[in-house]
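Trainee: Okay, handing you the structure first.
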Amino acid sequence: MTDRLDSPDDYLKRYPRICAHIITESLGYATPTMAARILKDAKEGRENGCEWIYSCYQRNPRPAVEGAIRGRGHHRGYMAEYRTALAIVKRQLDSGESPCLRAGSEFGATCQGLKPPTSQSLRG
C-alpha cells in the first residue's frame, strides 16, 4: 500500500530529485515548495498559477515537469545546476525553511538571509 500524497510537502519529501530538476528547469525561479506544487498539479491534472507556468505553459504544469525529467541529464551551468538545486531542497527538508529564489538572482539566495550552498554542502 502506498502513502497518500496530499500536500506539496509530501511531494517534496517523496520526490526531492524531481523537485530539484523542476527548479533547474525553471532556471531558479521555482522554490522547493513551488516545484513540489507544480509536480502535484501535473500529477493531478490541475492548472498551476505560478508565473513561470502561467507565462510559458498557459497554466499547464505537465510540459514543465516532462521537460524537467527529460532534460535531467543536462541541468548544468548558471541558474541550472542540479546539485545546487538538490542541496536547496535538502536544506528545506532538514530545516523546514523555504528559500526565496527568483529569476535573475544568484542561484540559491534566500529571503531568510541564509548563505547559498557551498561546494562542501553540495557533496552531501
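Trainee: Per residue, how big is the convex hull of segment 19-66 when only Cα atoms are used? Give it in Å³.
Mentor: Spread over its residues, the Cα hull of segment 19-66 gives 57 Å³ apiece.
Trainee: Ordered by residue, what ³J(HN,Hα) values in Hz, to whole numbers, does segment 32-37 give under the Karplus form 6.51 cos²θ - 1.76 cosθ + 1.60, where θ = phi - 60° and Gly and Pro are x?
Mentor: Result, ordered by residue: x, 5, 5, 4, 5, 5 Hz.
Trainee: Under 14 Å Cα to Cα from LYS90, which aspartates and glutamates show up? Leave out anything in the same chain fewer than 8 places away.
Mentor: Reachable aspartates and glutamates: ASP9, ASP10.
Trainee: Fewest Cβ neighbours within 10 Å first, please rank HIS75, HIS21 accordingly.
Mentor: Details: HIS75 20, HIS21 27.
So the ranking, lowest neighbour count to highest, is HIS75, HIS21.
Trainee: Starting from the Cα of LYS13, draw a straight line to each of the aspartates and glutamates and keep only those under 15 Å, dropping any in the same chain fewer than 8 residues away.
Mentor: Candidates past the 8-residue exclusion: ASP3, ASP94, GLU97.
No value in this document is a laboratory result; all are computed from the given coordinates. Keep in mind that this is a model prediction, so the values were computed, not measured. Quick reminder, even Gly has a Cβ in these numbers, built from the backbone with ideal geometry, and neighbours come from all protein chains shown.
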